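The values are calculated or read from the model by the stated rules, or taken from the named source; none is laboratory data. Fair warning: this is a prediction, and the values are worked out from it, not measured in the lab. Counting neighbours? That spans all protein chains shown, and the Cβs are built from the backbone with ideal geometry, glycine included.
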Amino acid sequence: MAFGKVNDIDDGCFYDCENHTLSNWILRELRSNHAGETGAVAIYKGILWLTRDPTVIRFAEEHLGSERRHLAAIEGILPPTKRSSLLLLWRIAGFLVGMAPAMFGPRAIYVTIEAVERFVVRHYDSQIECLAHNSAFPLLRAQLEWLRSDEHAHQCEARNLTESHLTALERVWVRLVQLGSYAAVTVARRI
């Protein structure tokens, strides 16, 4: 999906023509999205670094391509100077979140991906909901809806691959992944 550049000055853009700036809320949210998509790319790199399972490799390569497209979409919107200063941290954290479950096999990977994507879908939901109350940003809202739809498909695919209910240990891991995701979003909005 194509999306207008930040320097476009037209009715369908979220650029503030009067002040020539993006609103602070949008900048914070886009910064967190950029950090998240950076981490998502790294998650799949971490999985691919360790796994030897051909089914998991296909899954991870397909999702890596998708996450790279998401990252490119956000990079097409968010000026480089407004991105998180902690991108190296997000890459390392993402790589470890991908590599850790890869040590335990496909099921652990799919459980992790489902947990991450569930968090991401909710994150995009809240942004879309806020933008629904402001008709000034239809292209940004459409972009976020596309991202959310793609992430939701990833979530459903991973959930379908787990095949059964979570164990107690998996529930603890899922909670840690979601708490880590929440903490990362909170920090990325500011730094």
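Can we say ILE128 is under 25 Å from GLU170 (Cβ atoms) and of a type in the set (A, V, I, L, M, F, W, C)? Here the answer is no, as ILE128 does not meet what is asked. Screening the candidates ALA136, ALA142, ALA100, ALA132 for the property of being out of contact with any Asp or Glu (no Cβ under 6 Å at 6 or more places or on another chain) and at pLDDT 95 or above yields one hit, ALA100. For the stretch 58-82, the set of residues classified as at pLDDT below 95, over 20 Å from ARG141 (Cβ atoms) and surrounded by 15 or more Cβ atoms within 10 Å (Cβ to Cβ) is empty.
Being among the charged types (D, E, K, R), part of a helix (DSSP H, G or I) and either free of Cβ contacts under 8 Å to residues at least 40 places away in the same chain or touching an Asp or Glu at 6+ places or on another chain (Cβ under 9 Å) (or both) is the filter here; which residues of the stretch 67-97 pass it? Break it down into steps so the answer makes sense when it comes.
Of all residues in the stretch 67-97, those among the charged types (D, E, K, R) come to 67-69, 75, 82-83, 91.
In the following step, the residues that additionally are part of a helix (DSSP H, G or I) were identified as 67-69, 75, 82, 91.
Once the filter is applied, which keeps residues that are among the charged types (D, E, K, R), part of a helix (DSSP H, G or I) and either free of Cβ contacts under 8 Å to residues at least 40 places away in the same chain or touching an Asp or Glu at 6+ places or on another chain (Cβ under 9 Å) (or both), the stretch 67-97 yields GLU67, ARG68, ARG69, GLU75.
Being touching a residue at least 24 places away in the same chain (Cβ under 8 Å), under 23 Å from HIS70 (Cα atoms), of a type in the set (Lys, Arg) and in contact with a Lys or Arg (Cβ under 7 Å, 6 or more places away or on another chain) is the requirement here; does ARG159 meet it?
On the way: touching a residue at least 24 places away in the same chain (Cβ under 8 Å): yes; under 23 Å from HIS70 (Cα atoms): yes; of a type in the set (Lys, Arg): yes; in contact with a Lys or Arg (Cβ under 7 Å, 6 or more places away or on another chain): no.
Spelling it out, it is not the case that ARG159 is touching a residue at least 24 places away in the same chain (Cβ under 8 Å), under 23 Å from HIS70 (Cα atoms), of a type in the set (Lys, Arg) and in contact with a Lys or Arg (Cβ under 7 Å, 6 or more places away or on another chain).
Of the set (1) crowded, with 16+ Cβ neighbours inside 10 Å; (2) touching a residue at least 40 places away in the same chain (Cβ under 8 Å), all apply to GLU145 but (2). Among the numbered conditions (1) closer than 18 Å to ALA158 by Cβ; (2) touching a residue at least 40 places away in the same chain (Cβ under 8 Å), the only one that LEU64 does not meet is (2).
Among the candidates LEU96, LEU147, LEU71, LEU78, which residue alone is more than 13 Å from the chain's Cα centre (by Cα) and under 18 Å from LEU30 (Cβ atoms)? Break it down stepwise before answering.
Numbers: LEU96 fails: under 18 Å from LEU30 (Cβ atoms); LEU147 fails: more than 13 Å from the chain's Cα centre (by Cα); LEU71 fails: more than 13 Å from the chain's Cα centre (by Cα).
None of the other options fit; the residue is LEU78.
Taken together, the criteria exclude THR51 from residues that are farther than 23 Å from VAL172 by Cβ, touching a residue at least 40 places away in the same chain (Cβ under 8 Å), surrounded by fewer than 22 Cβ atoms within 10 Å (Cβ to Cβ) and not acidic (Asp, Glu).
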